[in-house]
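Report on one structure; see the data block that follows.
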Amino acid sequence: MDQMKNLMINGFGSSNGGEFYQVTINGKGTINGDLKCHDFGCNGTGLVNGDIKADKAKISGNVKVTGNVHHSELIVEGRASVTGDANTTNLRISGKASFGGSVMGEEVRVQGKVVTGGNLEAENFYVEGQFTVGGLLNADQIEIDLYGESKAKEIGGQTIKVKQKGNGFFDLFKSVFQARLESELIEGDYIEIVNTKAKIVRGNHVVIGKNCEIELVEYKEIFKQDKNSSVKKHIQI
C-alpha cells in the first residue's frame with residue numbers, strides 16, 4: 001500500500017473513487033465512488049458518494065458520506081454525516097457525528113454529540129455531551145455525563161452510570177439546556193443513574209439518584225432511591 005498514490009484536493013475539486021495511500025481534502029472536494037485508503041483527512045468540506053474504508057480517518061471540517069464507513073480509528077473534530085453504518089475499532093467525537101444506520105466499535109468516546117438511526121454497540125461507551133440512539137445502546141461499560149438531552153430506545157450493559165457533575169461554565173449550559181436521559185428500558189448488572197426518565201430499569205444492583213422518573217424498577221439484590229426521585233413501582237425478582 002505504501003506504493004499507492006495520494007489524493008489531495010486543495011480549493012475546489014473532484015475525483016473518482018479508488019484505492020489510495022492518503023486522501024486529504026483541504027478545500028471543497030467531491031469524491032464519486034467507493035474510497036479505500038490508509039489515511040483519510042478533511043480540513044474543509046468533503047462529499048464522498050460511496051463507502052469509505054480507511055485505517056485512520058480524521059475529520060476537522062465537514063464531511064458527508066452517502067454510504068458506509070469502516071475505520072480502525074475515526075476521529076471527528078468537526079462535523080460528519082454518514083448515510084449508512086459505521087464499523088470502527090476506536091471512535092472519538094469532539095464535534096458532531098450522525099449516522100443513518102448503526103455504529104459498531106470497541107471503544108466510543110463522545111465529547112460532543114452523536115446521533116444514530118439504528119443501534120450503537122461497543123465494549124466501552126463514554127459520553128460527556130449528548131447522544132440520540134434510535135435503537136439499542138449496548139456496551140459492557142457505559143458512563144454518561146449529561147450535557148443537554150440524550151435519548152436511546154433501550155440501554156443495556158454490565159455497568160451503567162449516568163451522572164451530572166458541576167463544572168463552572170457547563171453549569172450555566174446545563175441550566176439553560178435541561179440535562180436529561182430518556183429511555184424505554186435500562187438493563188444491566190450495576191446501574192447508577194441521575195436525571196433519567198425511563199419506563200423500566202432492571203438490574204442486580206440499582207441506585208436511582210436525584211431527579212429521576214421511573215415507572216418500574218426490577219432488581220435482584222440491591223435497590224436504593226433518592227428522595228427527590230419518583231419510582232411508581234419496585235419489585236425484587
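Every read-out reported here was derived from the displayed coordinates using simple, explicitly stated rules and does not represent laboratory data. Since this is a predicted model, take the numbers as computed values, not measurements. Counting neighbours? That spans all protein chains shown, and the Cβs are built from the backbone with ideal geometry, glycine included.
Considering only Ala198, Ile237, Gly67, and ranking their Cα positions along the charge dipole of the chain that arises from unit charges at the beta-carbon of Lys, Arg, Asp and Glu, the one farthest toward the positive end is Ala198. Counting 0.36 nm for each residue step from Ile222 to Tyr190 and taking away their Cα separation leaves a gain of 10.6 nm. Where the alpha-carbon atoms of the range 73-154 are placed on the principal axes, they occupy 24, 22, 19 Å, in descending order. For the range 13-87, what log10 I(q)/I(0) values come out of the Debye formula at q = 0.13, 0.18 1/Å, with one point per alpha carbon and no solvent? Taken in order of the listed q values, log10 I(q)/I(0) reads -0.28, -0.56. With θ taken as phi - 60° and the Karplus curve 6.51 cos²θ - 1.76 cosθ + 1.60 applied, the whole-hertz 3J(HN,Hα) list for the range 143-154 is 10, 10, 10, 6, 9, x, 8, 9, 9, 8, 4, 9 Hz, x standing for glycine and proline. Once C-alpha pairs closer than 8 Å and six or more residues apart are averaged by separation and normalised to the residue number of the chain, the relative contact order reads 8 percent. Magnitude of the charge dipole for the range 17-120, about its Cα centre and with charges confined to Cβ atoms of Lys, Arg (+1) and Asp, Glu (-1), is about 420 debye.
Please state, as a whole number in µm²/s, the translational diffusion coefficient that the Stokes-Einstein equation yields for the chain at 4 °C and 1.567 mPa s, with Rh defined as the Kirkwood radius across alpha carbon pairs. So the translational diffusion coefficient is about 69 µm²/s.
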